[in-house]
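Participant: Just passing along the structure, written as structure tokens.
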Amino acid sequence: MQKLYRININHFEDPLKNERLLDLVGIRRREKVIRYRMPDDRKRSLGAGIIIRKILDENGPVSYTHLTL
């Protein structure tokens, strides 16, 4: 079964102006969000991090030991 995730970032404040939003993601994503120059890009990156965290929370820990590239 496939799931579709989406998040409306139109009502997000700029994460640099509201640092509480940055608490919703991990430290590496937070650093990535801050590096973007444009506010909309920061919002997109923040939204992606929130969705990724939700997916991981729903599916439990992920094991990469059997992953081949």
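Participant: Mind checking which aspartates and glutamates have their Cα closer than 15 Å to the Cα of LYS3? Skip sequence neighbours fewer than 8 apart in that chain.
Facilitator: Once the sequence-local aspartates and glutamates are set aside, what remains near LYS3 is ASP57, GLU58.
Participant: How far is helix 39-59 tilted, in degrees, relative to the longest principal axis of the Cα atoms in the chain, given as a value from 0 to 90 rounded to the nearest 10?
Facilitator: Tilt relative to the chain: about 30 degrees.
Participant: Below 30 Å, Cα to Cα, which lysines can LYS17 reach? Residues fewer than 8 away in the same chain don't count.
Facilitator: Partners within reach: LYS32, LYS43, LYS54.
Participant: While we're on this one: Just reorder ARG42, ARG28 by solvent-accessible area, largest first, 1.4 Å probe, all chains present.
Facilitator: Numbers: ARG42 15, ARG28 195 Å².
Ranking ARG42, ARG28 by accessible area, largest first, yields ARG28, ARG42.
Participant: Just LYS54, LYS43, LYS17 to compare: in a GNM of the chain, with alpha carbon springs under 10 Å, which one fluctuates most?
Facilitator: LYS17
Participant: Could you give the length gained on full extension between LEU24 and ASN59, defined as 0.36 nm per residue of separation minus the Cα-Cα distance, in nm? Intermediate values should be presented prior to the final figure.
Facilitator: Working: separation 35, 0.36 × 35 = 12.60 nm, distance 1.81 nm.
So the extension gain works out to 10.8 nm.
Participant: Using heavy-atom solvent-accessible surface (probe 1.4 Å) with all chains present, what is the largest-first order of LEU22, LEU16?
Facilitator: Largest accessible area first, the residues go LEU16, LEU22.
Participant: Probe radius 1.4 Å, ligands and nucleic acids ignored: give me the carbon and sulfur share of the accessible area of the chain as a rounded percent.
Facilitator: Carbon plus sulfur share of accessible area: 53 percent.
Participant: Let me ask you something else. If you roll a 1.4 Å probe over the heavy atoms of the protein chains, what accessible area per residue do you get for segment 1-51, in Å²?
Facilitator: Heavy-atom SASA per residue in segment 1-51 reads 82 Å².
Participant: I've got another one for you. I'd like the Karplus ³J(HN,Hα) series for segment 5-12: coefficients 6.51, -1.76, 1.60, θ = phi - 60°, whole numbers in Hz, and an x wherever there's a Gly or Pro.
Facilitator: Rounded to whole hertz, the list is 10, 8, 9, 8, 8, 4, 9, 5.
Participant: Provide the gained length on full extension for the span LYS32 to ILE9, in nm with one decimal, where the gain is 0.36 nm per separating residue minus the Cα-Cα distance.
Facilitator: So the chain would gain 6.6 nm between LYS32 and ILE9.
Participant: Hey, of (1) 1.04; (2) 1.06; (3) 1.14, which did the structure itself give for Rg/Rh (Cα atoms, Kirkwood Rh) when calculated?
Facilitator: The value matching this structure is (1).
The values are calculated or read from the model by the stated rules, or taken from the named source; none is laboratory data. None of these values were measured; they are calculated from a predicted model. For accessibility, only protein heavy atoms count, side chains too; no ligands or nucleic acids. Shrake-Rupley method; radii C 1.70, N 1.55, O 1.52, S 1.80 Å.
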